[in-house]
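Working notes, structure below.
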4 protein chains.
Amino acid sequence: MGRSKKSDLHGNAPDSCPVALLIIDAINDLEFPGGAGMLPRAVRMARNIAALKRRATAVGIPTVYVNDNFGRWRSDFRRIVAHCLDDDVRGRPVAELVVPDENDYFVLKPKHSGFYNTTLDLLLEYLRVETLILAGIATDVCVLFTAADAYMRDLRVIVARDCVTAVTPAAHLAALAQMRTVLKAEVTPSRSLDLGRLKRRRPRRARLGRPSRHE
Amino acid sequence: MGRSKKSDLHGNAPDSCPVALLIIDAINDLEFPGGAGMLPRAVRMARNIAALKRRATAVGIPTVYVNDNFGRWRSDFRRIVAHCLDDDVRGRPVAELVVPDENDYFVLKPKHSGFYNTTLDLLLEYLRVETLILAGIATDVCVLFTAADAYMRDLRVIVARDCVTAVTPAAHLAALAQMRTVLKAEVTPSRSLDLGRLKRRRPRRARLGRPSRHE
Amino acid sequence: MGRSKKSDLHGNAPDSCPVALLIIDAINDLEFPGGAGMLPRAVRMARNIAALKRRATAVGIPTVYVNDNFGRWRSDFRRIVAHCLDDDVRGRPVAELVVPDENDYFVLKPKHSGFYNTTLDLLLEYLRVETLILAGIATDVCVLFTAADAYMRDLRVIVARDCVTAVTPAAHLAALAQMRTVLKAEVTPSRSLDLGRLKRRRPRRARLGRPSRHE
Amino acid sequence: MGRSKKSDLHGNAPDSCPVALLIIDAINDLEFPGGAGMLPRAVRMARNIAALKRRATAVGIPTVYVNDNFGRWRSDFRRIVAHCLDDDVRGRPVAELVVPDENDYFVLKPKHSGFYNTTLDLLLEYLRVETLILAGIATDVCVLFTAADAYMRDLRVIVARDCVTAVTPAAHLAALAQMRTVLKAEVTPSRSLDLGRLKRRRPRRARLGRPSRHE
C-alpha cells in the first residue's frame, strides 16, 4: 500500500546492473543422501564462491541468493541461514563461508529452478540484469534447471565452474557439458572472469531479442 | 537439497484444508496518501480479521499472509512485521491486531495480485485449497486483483466484507459489487461464515473444472 | 528446431512498435445469455474497432487478436474465425466487421485475461510494446482482466471507450471507471487517439520500472 | 464470451485421462544445421511415434502436439502442418508420418519448453493428466526442457526412447541418461509400454504432492 517514506533502507548496493551473481542452494544443511560425500567439495566450492562474491561486491555487482525454503512455507531466509549456521548440521562449514550480507538480495524457491513460482524473473528485470553468473549446488539439478530457465528468458549464462558442485563428479561434468553445448553457457574458472568488463557491458536493446526457432 | 531430518519443525497447523484465510497487506505501515483517513476503518477491519482468524484457527483452517515486500527485495516477512510493530508508523495499531503466529504461512508479493510472480498458487495446491476467504487492504486494489486471479484459477472466493477496506468507502463498495457480480464471489459479513461447514466440504473432483467459455 | 529459410513469410507489418491494438474476444458467436441484447451495441463497437484498426494499420501499429478458443483446445484461430463468419451464429455481423488480416498477430487465451497461460506477454516483449490500446468484449470481464494484468506488467493502458462493450451498460460504465481510477488507464473515444504520436513515442528505459509499493 | 451451443464439436477423444502422449516439434521442416544428418533417424523416429500413437488412440489415450510456431506469431498449427507437408522442405517425410488428427490437441510454444508461456499446464490439468509419454525432437533440447518442467510440476515422465532423436547420437544418449537419473524418468522402448495399464492407473490424490526438498 502506497510508497513508504521508509522504504529505502537498504544501503548502497546497486539497483541496476547488467550482471548479477546467483548463489543457488549454498545455504544448505546437506542433510540428504550423498551430502556427506560431497562435503569436502562443497567446502572448496564455498571458498571459491566467497572469493568471487568479494570481487563482485568490490565492483558493484549484486548478489542474489536463490534458496530452497527449508521448513517449507513458513520459514524465511534469515531463519534458513540461522538453521544452517547454528544447528548441528552437516552443511554448517559451507554456510559459514557464504553468509549473506545486508545488501544481498534473496529469493526463496519452492522447486528446483530459481525461476519457477518465484519473483526472480521480476527482480532481474528490475535490476536490468542481462547476464547471470551461476554458483552453488547442485550442478546437475538446481543449477542446471535455473540455467535452462535463464536461457529460455534470453539471459546470458556464465557458470563459474569451481563455484558449483554436485553429489558425483560425473554428474557435475555432464551438466557442465550440457550447459556449454545446449544452453550456450560460458563455463569458466571464476578467477578468469573479468567482472569489471561484465559490469561495464552496454545493455542490449532489450533483454528479449527476437524469438528464434530452436531445436 | 535432499530431505532434512529437521524439516518438519512447524507445529500442528493443518497441511491440507479445502479452505484458507488470506490476509492481504494488513501488515502495512499505511504511509501513503489516504492512509491517515482510512486508519479508523483499518483498525475496525483489523479487529474483525483478528476475530475471524481466531475462529479459523480453532477449527483448523490455515491462514496465509500475503504481503507487499517493504524495503523491496531484501526484506523478509518477519522484518516487515517488525517494521510495522516497532517503528513509529501509521499502521502500527492495525499490525498489532493481526500479528502472525508461528503456524501461519506467508507469501511476499512484488505486485498487486497475490498470485503474480509468487509461490501462492503452488502453496494453495499443496494445501489442497479450493476456497479462499479474502481479508485485508485495499478492497479495490490488491484484494480485487487477488480475487480475480483466484477466480481464473477456479478457486471459490469468499469476501469477508467487514474484513476488507479501502481508501474511500465508494471504492470499497464498487469493488465488492464487482467481485459479487463478475467473480461470482460470496460477499458476506465474517460472522455469518460457517467455518466448520467450509472446512468439512468435500473436495471437488479437481480444482480445475472444465474450462468454459466466458465473457 | 533451427532457423527455417522459409520462416519470414509474414509480410510487412512492423516487428517492433511501442504501441499495439488489442482486440479481445470480438470474434465471438455471442451465443450466451445476454448476447442477443448486446448485439446492436456490439455491432456499433465493431464498426468503431474496424475504423480504429484501419487508422492503426495506416501508421504501422500492429493489431493483436486475443480470443477465447472456441471448441476448447483443438481449434485454431482461423477455424474460430470461420465458425463466426460461416455458421449461423448471432455474432456473425460483428465478426464480419473485424475479420483479421494476414499481418495481424493472434493469441488464443484459455481464460479471461489475455495474459493468463498464453504467449501474450512474450509477444509484447518481442514487439517492444509499452502501451496497449484495448478494444473488444466485455468491458467488465475479459477487457478488465486483461487491463489489470497489463497494469501489473507496467504497460500503459488506453481504453478506446467506443470500442468496448458489455452485456449491460451499467457494467460497462463501472468497469471504465475502475480502469480509469485503479489502473490509471486513459479512457477515451477512439477518434481522439493520436496514433501517430503514440507510435513515435520514445521507449522508456525499460518496460518494467522500479516496482513500487501499492495499495 | 458465454457458452456456445456449438462448442462441443470435437468428436470422441477422451476429455480426461491419467496419461497423455506429447509429440514435441515432430512437425518440423528440419531446415536447420544438422537437419540433413538427422533425417534418417528422424524418419525412423516418426514411424515409431506413428505406431505408438495408433496404440494410444486405440485405448483412449489423448495425443497433444507441442510445436514451435513457425512463422513466429501469425501462424496457426494447421498452417504449420501444411507448410511441412506441402512445401519442399527437408522434414516432409517426417511430418507425413505423424500428421495430426481432428481429435488431437495442440499447443504452440514460443520457446524450448512446452510449458513456457503456453497453455500446456492448464490443458493437462483439465485432462487430469498425471503421466506424460514424451516423443519428438530433439532429445537434448525441447524434449529435455519439457521433461524438466514436467518433473517440477510433479508429473511422471516416460520417455519412449525410440520416439525421440537429436542432432547427434551422443547428445541423444546423454539427455536420456540425464532424464533417467535427475528427472527420475522412465526411459523405455515404446513397444514395452503397457498403455492399457497406464490408462487404468488410479489417480493420485492430487497431482501435486507435498513439495519436498531437492538437490
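Read-outs throughout are calculated quantities, based only on the coordinates presented, and are distinct from any laboratory measurement. Please read all numbers here as calculations on a predicted model, not as lab measurements. Note: ideal-geometry Cβ built from the backbone for every residue, glycine included; neighbour counts use all protein chains shown.
Residue by residue through region A:78-93, which ³J(HN,Hα) values in whole Hz follow from phi under the Karplus form 6.51 cos²θ - 1.76 cosθ + 1.60 (θ = phi - 60°), with glycine and proline marked x?
5, 5, 5, 4, 4, 4, 6, 8, 9, 7, 7, 10, 4, x, 4, x
Taking every residue in A:115-121, how many Cβ atoms of other protein chains lie within 10 Å of its Cβ, on average?
Details: counts 3, 7, 11, 4, 11, 1, 3.
Averaged over the peptide's residues, the number is 6.
Which stretch or stretches of region C:82-114 have amide N atoms under 16 Å from the point lying 7 Å from C:LEU39's Cα along the Cα→Cβ direction?
Output list for this probe position: C:84-97.
Based on the mean of other beta carbon atoms within 10 Å per residue, what is the order of A:168-179, B:146-157, most packed first?
Taking the mean over residues of other Cβ atoms within 10 Å, the ranking is B:146-157, A:168-179.
List the relative contact order of chain B as a percent without decimals, with contacts defined as Cα pairs under 8 Å and 6+ residues apart. Can you show the working numbers first?
Details: 369 pairs, mean separation 55.3, N = 215.
Result for chain B is 26 percent.
Sorted from fewest to most neighbouring beta carbons within 10 Å, what does the list C:ASP88, D:ASP15 look like? Don't jump to the answer; show the numbers that get you there.
Details: C:ASP88 7, D:ASP15 14.
So the ranking, lowest neighbour count to highest, is C:ASP88, D:ASP15.
Using a 7 Å offset from Cα along the direction of the beta-carbon, what are the separations from A:VAL43 to the same position in each other copy, nm, ascending?
5.8, 5.9, 8.3
Per-residue mean of other chain beta-carbon atoms within 10 angstrom of the beta-carbon, peptide A:125-135?
Details: counts 9, 8, 2, 3, 0, 0, 0, 0, 0, 0, 0.
Averaged over the peptide's residues, the number is 2.
Need one value for C:85-98: mean number of C-beta atoms belonging to other chains within 10 Å of its residues' C-beta atoms.
Values: counts 0, 0, 2, 1, 3, 2, 2, 0, 0, 0, 0, 0, 0, 0.
Shielding by partners across C:85-98 averages 1.
Check the axis relating chain D to chain C and name the residue of D whose C-beta is nearest, distance in whole Å.
Residue and rounded Å distance to the axis: D:ASP76, 2.
Using a label point 7 Å beyond Cα on the Cα-Cβ vector, give me the inter-copy distances for B:ASP101 in nanometres, one decimal, shortest first.
4.0, 5.5, 6.3
Rounded, prolate or oblate: pick one for region A:85-168, where a ≥ b ≥ c are the square roots of the eigenvalues of its C-alpha gyration tensor, a/c under 1.5 means rounded, and failing that, prolate if a/b is larger than b/c, else oblate. Walk me through the intermediate numbers first.
Details: a/c = 1.83, a/b = 1.41, b/c = 1.29.
Because a/c hits 1.5 or more and a/b exceeds b/c, region A:85-168 counts as prolate.
Once amide H atoms are built 1.01 Å from N in the peptide plane, which residues 5 or more positions from D:GLY136, or in another chain, come under 5 Å H to H?
Residues meeting the amide H criterion: D:ILE24, D:VAL164, D:THR165.
With the cut-off at 1.5 for a/c, could you classify region C:19-165 from its C-alpha gyration tensor as rounded, prolate or oblate? All intermediate terms of the calculation are to be shown ahead of the outcome.
Numbers: a/c = 1.45, a/b = 1.33, b/c = 1.08.
Rounded, since a/c falls under 1.5.
How far apart are the D:LYS199 label points across copies, placing each 7 Å from Cα toward Cβ, in nm, shortest first?
4.3, 5.6, 6.3
Return the whole-Å distance between the Cα centroid of region B:107-154 and the Cα centroid of region A:114-132.
After rounding, the separation between the Cα centres reads 21 Å.
Where does each of B:ILE24, C:ILE23 land when they are ranked from fewest to most other beta-carbon atoms within 10 angstrom?
On the way: B:ILE24 32, C:ILE23 26.
Ranked by crowding around the Cβ, least crowded first: C:ILE23, B:ILE24.
Whose amide H sits under 5 Å from the amide H of D:ASN69, counting only residues 5 or more places off or on another chain, with H placed in the peptide plane?
Sorted by chain and number, the residues that satisfy this are D:LYS109.
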